[in-house]
1. For region 221-234, enumerate the residues that are closer than 13 Å to residue 180 by Cα and either away from the ligand (no atom under 14 Å from the Cβ) or of a type in the set (Phe, Trp, Tyr) (or both).
2. Here is a check on your reading of the model: is residue 132 open to solvent by 30 Å² or more (accessible area, probe 1.4 Å), over 12 Å from residue 163 (Cα atoms) and in a helix (DSSP H, G or I)?
3. Checking residue 114 against (1) buried (at least 19 other Cβ atoms within 10 Å of the Cβ); (2) modelled with pLDDT of 95 or more, which single condition isn't satisfied?
4. Taking region 64-87 on its own, how many of its residues are open to solvent by less than 80 Å² (accessible area, probe 1.4 Å) and either part of a loop (DSSP other than H, G, I, E, B) or at pLDDT below 95 (or both)?
5. Would you pick out the residues in region 4-17 that are out of contact with any Asp or Glu (no Cβ under 9 Å at 6 or more places or on another chain) and either within 7 Å of the ligand (Cβ to nearest atom) or modelled with pLDDT under 95 (or both)?
6. Tell me which of these residue 61 doesn't satisfy, since it passes every other one: (1) touching a Phe, Trp or Tyr at 6+ places or on another chain (Cβ under 7 Å); (2) within 9 Å of the ligand (Cβ to nearest atom).
7. Evaluate the following for residue 123: is it assigned to a strand (DSSP E or B) and open to solvent by less than 10 Å² (accessible area, probe 1.4 Å)?
8. As an exercise: evaluate residue 35 against (1) farther than 23 Å from residue 105 by Cα; (2) within 15 Å of the ligand (Cβ to nearest atom); (3) of a type in the set (Gly, Ala, Ser) and give the number of the one condition it does not meet.
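The values are calculated or read from the model by the stated rules, or taken from the named source; none is laboratory data. Computed from a prediction, not measured in an experiment: that's the story for all the values here. Cβ: placed from backbone, ideal geometry, glycine included. Neighbour counts: every protein chain shown. Surface accessibility is based on the protein's heavy atoms, side chains included, excluding ligands, DNA and RNA. Shrake-Rupley method; radii C 1.70, N 1.55, O 1.52, S 1.80 Å.
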Amino acid sequence: MNTAHSVLITGASSGIGAVYADRFARRGHALVLVARDTARLEALAARLRKETAVAIDVVTADLTHPDDLRRVEAQLRDDTRIGILVNNAGMAQTGSFLEQSAEGIERLLTLNTLALARLAAAIAPRLAAAGEGAIINVGSVVGLAPEFGMTLYGATKAFVLFLSQGMQLELGPKGVHVQAVLPAGTRTEIWSRAGIDPDTLPDLMEVNELVDAALMGFDRREEVTIPPLHDASRWDALQGSRQALLGDIRQAHAAERYRSGD
Ligand code: NAP
């Protein structure tokens, strides 16, 4: 990917986003780091400027606040230096579906889906017109697994996967690479922020390993990268099965099993 492109990374103050910042800086990309915690963003920016000499802007924004979201959208629309968006900011959810509050649902969906989609939509037309650039959307394997019991969080991540696949179909032919990254449990602050002690969880992946694998998938122009999936043919089989199902949908009539009365 062209190092003349700046990379805007949401959720860059910790965890996966902070490692993306480190790796893209080491590849020579200028950065725009977005999150709420200005002090942490500035500390990361200062370290990376010193270690890599790339230009780094810090943007303090709460992506669940409409004015802040509009500000970042405008930057993605107007700043022609930005050629890569890493749509990474996200939060997890604790408790069962029965325990969710209206405010909690709104915050989770706003950050994990609405903000992510709006930021992608802000930059996509400009990248498509230029015929280059990339959008990385961070989903989760939880989006494949209603069985994991994180119903709302998983639903937001299923949205991210679907959105990414649809965007890739639309934007790929125009020269824009769209990648969905699906981590499984990874050692970051997301757990403690959600009130879960990560040391009680088995076998988390270290965050450096996760991002390095995701970037290997990015360099190979993968559309969906699942670093913890060991047998890649399982993903191909799932897509093949999904497409076969689509081939058996005939919308003019209900299936025979719904047409007989007994
Ligand atoms: P993390 O360390 O908690 O990082 C989350 C980032 O998002 C932080 O930089 C946080 O910064 C930012 N953020 C949170 N709320 C925000 C808001 N309202 N506005 C703007 N920024 C906000 O967790 P992480 O694991 O690196 O998570 C990154 C992504 O990976 C998320 O989308 C998550 O769903 C996904 N993921 C993580 C795992 C895992 O096991 N860790 C697994 C699958 C997928 P501030 O607090 O400074 O705003």
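1. 221, 222, 223
2. It is false that residue 132 is open to solvent by 30 Å² or more (accessible area, probe 1.4 Å), over 12 Å from residue 163 (Cα atoms) and in a helix (DSSP H, G or I).
3. (1)
4. Final tally of qualifying residues: 2.
5. Going residue by residue through region 4-17, those that are out of contact with any Asp or Glu (no Cβ under 9 Å at 6 or more places or on another chain) are 4, 7, 9-12, 16-17.
Selection gives 4, 10, 11, 12, 16, 17.
6. Evaluating residue 61 over (1) touching a Phe, Trp or Tyr at 6+ places or on another chain (Cβ under 7 Å); (2) within 9 Å of the ligand (Cβ to nearest atom) leaves (1) as the failure.
7. Values: assigned to a strand (DSSP E or B): no; open to solvent by less than 10 Å² (accessible area, probe 1.4 Å): yes.
For residue 123, the condition - assigned to a strand (DSSP E or B) and open to solvent by less than 10 Å² (accessible area, probe 1.4 Å) - is not met.
8. (1)
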